[in-house]
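Since the structure comes first, as C-alpha cells, the remarks are kept for the end.
The values are calculated or read from the model by the stated rules, or taken from the named source; none is laboratory data. The model shown is predicted, which means the values in this text are computed figures rather than measured ones. Please note: Cβ atoms are built from the backbone with ideal geometry, for glycine as well, and neighbour counts cover all protein chains shown.
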Amino acid sequence: MNLKRILLCGAEIFGLNCFSRFRTRRRLLGLCYHSVVSDNSPQNDARTRLAVTVTQFNKQLKELRKHWNPVSLTQIRNAVEKNIPLPDYAVHVSFDDGYRNNLTLAAPLLSRYEIPATIFITTNFMATQGQLIWALEIHERLVCFPDSEIEIGGVLYSLPPPETLSRTERSLELLQQIKHLPTEEHKKMLQFLRNRTEIDLTPFWKRELYEFLNWDELRLLREQGMEIGVHTLSHPVLSNLDQTELNEELLASKKCLERELGTECDVLAYPFGSMYDFSDQVIETARRLGFRLAFTLQDCRNATKLDAMRIHRICIHREHSLNSFRALISGLRNVSLLTS
Ligand SMILES: [Zn+2]
C-alpha cells in the first residue's frame, strides 16, 4: 500500500474526515458528475476521466446517504430566495451535459438511495446521434491524429504514438492548451483535425460515454424527480464570447428547454465552470436574461451564505477511490490534494 492510500485510509479510520465534515457542516457541498458508465469501460483511458463507474457511483451515493443530507435544487432556491436554511451536512448532486447514461445508469441508483439530483442540458446536442461536445471531439481526434507532433497556438508539441494510453493522456493536456485559445481557434483546430482524422464512435463504451438524451428521455427523468437546468446551446467558454453570442447561448438554450418541458428554466451551470470560464459580464447577462441561480465548477465548498450566481461544485473524477472521495468531499484539502 503506498503512502497516499495509507493517509487516505487513516483519514477515515482516525476520524479526520468526520471532524472535517463537522467543521464545514453549514457549508453546502455541490458535486458535479458527467457520465456514469459500466464497470467494464476502459479504466486508464483519459477519455473516461470524467466518468465514474456504476460501482463507484453506488459506493459514493451510499456514503452520501450515510453521512450527508442530500438536498434538492428547490431547497437551494429556497435557501437563497426565502432564507430557509439548508440542513447541516447538505450535499447537492448534479450532472452536466445531458448524457443518456444519467437516465439508464445513474437514475436507478439515485432512486434506490432517494437522493435528489439536477441535470444541466446542452440543448444543441439533445437527440443527436454521433455528435460530441467540441472539446470532447478534439480529444477524440487528437487520440488518433497520425503525426508525431502538432502545432497549437504557434507552439509545436510532440505526441506519443496514436491510440495509445499515453496519447490519450497527452491529448487531454493539449486540450487544456486549446481551451484557453479564442473560440475562433477552437473552431480552426476542430476543422484541421476533422480533415486529418476519422473517429469511430461505435464501440459500446463510447456510445455509453457520449450519447445524449432525447427530449422524451429527459421528460422521463423529470417524472422521476430530476430537476433540470440550462448548460447553454453548444458548451462554449462563455468568457470568450462577445455580447451577441453570449445572449444567444444563454437565451436560446433557456427558451429551448422551456418549450420542450413546458416550465420555466432559470438555473444555469457555466460550461467548464472554472473561474476563467465565466466572468462578471456573463453573470450580469445571465441575470438580465432571467437566470436566478448559477453553478460553477470551481472545485471548492460554498460559503455559509450562498452566492446565487456562484454556487460552487466539486467535479468527481473516475480516479477517486472511495477513501479519496471521502477525504475530498469532507474538505481535507491536504489529503485530497494527494488524490489528484
Ligand atoms: Zn459541461
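Structure notes:
- For the residues Phe291, Phe325, Phe278, the requirement of being within 16 Å of Leu31 (Cβ to Cβ) and either out of contact with any strand residue (DSSP E or B) (no Cβ under 9 Å at 6 or more places or on another chain) or of a type in the set (A, V, I, L, M, F, W, C) (or both) singles out Phe325.
- So Ala107, is it crowded, with 22+ Cβ neighbours inside 10 Å and assigned to a helix (DSSP H, G or I): no
- Set Ala286, Ala294, Ala252: member being in a helix (DSSP H, G or I), at pLDDT 95 or above, within 16 Å of the ligand (Cβ to nearest atom) and of a type in the set (A, V, I, L, M, F, W, C): Ala286
- Test: residue in segment 251-261 that is under 17 Å from the mean Cα position of the chain (by Cα), without any contact (Cβ under 8 Å) to a residue 60 or more places away in the chain and assigned by TED's automatic domain parsing to the domain that holds Phe95: no
- Any hit, segment 46-54, residues being closer than 29 Å to Ile133 by Cα, in a helix (DSSP H, G or I), modelled with pLDDT of 95 or more and assigned by TED's automatic domain parsing to the domain that holds Leu103: yes
Each row is one residue, and each column tells you yes or no for (1) assigned to a loop (DSSP other than H, G, I, E, B); (2) in contact (Cβ under 8 Å) with a residue 60 or more places away in the chain; (3) within 14 Å of Leu322 (Cβ to Cβ).
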residue: Ile6; (1), (2), (3): no, no, no
residue: Cys9; (1), (2), (3): no, yes, yes
residue: Glu12; (1), (2), (3): no, yes, yes
residue: Asn17; (1), (2), (3): no, yes, yes
residue: Arg21; (1), (2), (3): no, yes, no
residue: Arg25; (1), (2), (3): yes, yes, no
residue: Gly30; (1), (2), (3): no, yes, no
residue: Val36; (1), (2), (3): no, yes, no
residue: Ser41; (1), (2), (3): yes, yes, no
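- Residue match in segment 273-292 (condition: more than 25 Å from Lys179 (Cα to Cα), out of contact with any helix residue (DSSP H, G or I) (no Cβ under 8 Å at 6 or more places or on another chain) and of a type outside the set (Val, Ile, Thr)): yes
- Segment 290-307: number of residues that are surrounded by fewer than 17 Cβ atoms within 10 Å (Cβ to Cβ) and closer than 14 Å to Val267 by Cα: 3
- Any pair with Cβ under 8 angstrom, 6 or more apart, that starts in segment 125-145 at a residue that is part of a loop (DSSP other than H, G, I, E, B) and surrounded by 17 or more Cβ atoms within 10 Å (Cβ to Cβ) and ends at one that is β-branched (Val, Ile, Thr) and at pLDDT 95 or above: Ile133/Thr122; Phe145/Thr197
- From the options Asp242, Asp277, Asp266, residue that is farther than 20 Å from Met126 by Cβ, charged (D, E, K, R) and more than 15 Å from the ligand (Cβ to nearest atom): Asp242
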